[in-house]
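As C-alpha cells, the structure follows; a few thoughts come after it.
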Amino acid sequence: MSRTVIIGLTGSIGMGKSTVAAMFRKLGVPVFDADAEVRRVQGPGGRALPAIEALFPGTTHAGGLHREKLGAAVFGDHAKLRQLEQILHPLVAEAQSLFMGRHRRKPAVVLDVPLLFERGGWQRCHLTVVVSAPLRVQRSRVLARPGMTPQKFAGILKGQMPDREKRGRADVVIETGRGRRHTWQAVCRLVSSL
C-alpha cells in the first residue's frame, strides 16, 4: 500500500507561497493552509478568541480579532508572542490532523506552513519545498501590501529564517521571481515527479 507523500511548503513573506499553494490545488493536490486556519480560529466565533481575550484584554470583539490591537500587544515582545502561539498552535495542529485524516488516501498533500523550519514542522514531511524570489522582488511585493512599512517588513524578516538558509535546507526550491509561467512549470514538474 502506498503512503501519502507529505510536502512541506514554506517561504518567507512576499516570496509567492500563496501563489504556489494555489497551483498545487489546481493540480488536484490538497493543501492545508496554516495561516488560513489561524485566521479561522481568530475570526467570528473562533475557538481561540476567549483565550486571547483573557491574555490580551481588549484585543477581540464580536467580529473576531482586533488585529492591530493584538499586533501592538505582541509586536517585538517574544514572551507575549510565545504565549499567543501556545494558544494558536494546538488548534492549528488539531485542524492539520483532521485534514491529514480526510486526505489519507491521496497520493500527496501539501502542508503550507510559513515557519516550517523554524518550528520543526519539516520533520513530519517527506519533501520540503521552499518558495523563493530575489530580495528586490520580495521587498516590492511586501511593501505594496496595505498598511505595510519598511519597519514592519524588517520586523517580520527578523522573526523568519533567512531565505538563503531555507533554500539550503529545502529538498526543492521553486523560484517565483521569473514570472508565473516559469513557476507553474516548476510546480507541474514537481507534481508529475511524485
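The values are calculated or read from the model by the stated rules, or taken from the named source; none is laboratory data. Source: prediction; values computed, not measured. Virtual Cβ from ideal backbone geometry, glycine too; neighbours counted across all protein chains shown.
Of the residues that make up the stretch 155-169, is at least one over 21 Å from residue 122 (Cα atoms) and in the same structural domain as residue 11 (by TED's automatic domain parsing)? Among the residues of the stretch 155-169, at least one is over 21 Å from residue 122 (Cα atoms) and in the same structural domain as residue 11 (by TED's automatic domain parsing), which makes the answer yes.
Please determine, by comparing only the residues of the stretch 86-106 that are within 17 Å of residue 46 (Cα to Cα) and polar (S, T, N, Q), which one is surrounded by the fewest Cβ atoms within 10 Å (Cβ to Cβ). Per the criteria, the residue is 86. Taking every residue in the stretch 57-73 that is at negative phi and pairing it with any residue that is exposed (fewer than 10 other Cβ atoms within 10 Å of the Cβ), at least 6 positions away or on another chain, yields no pair with a Cβ-Cβ distance below 6 Å. One residue stands out among those in the stretch 1-28 that are over 22 Å from residue 153 (Cβ atoms) and in contact with a Pro (Cβ under 8 Å, 6 or more places away or on another chain): the one that is surrounded by the fewest Cβ atoms within 10 Å (Cβ to Cβ), which is 2.
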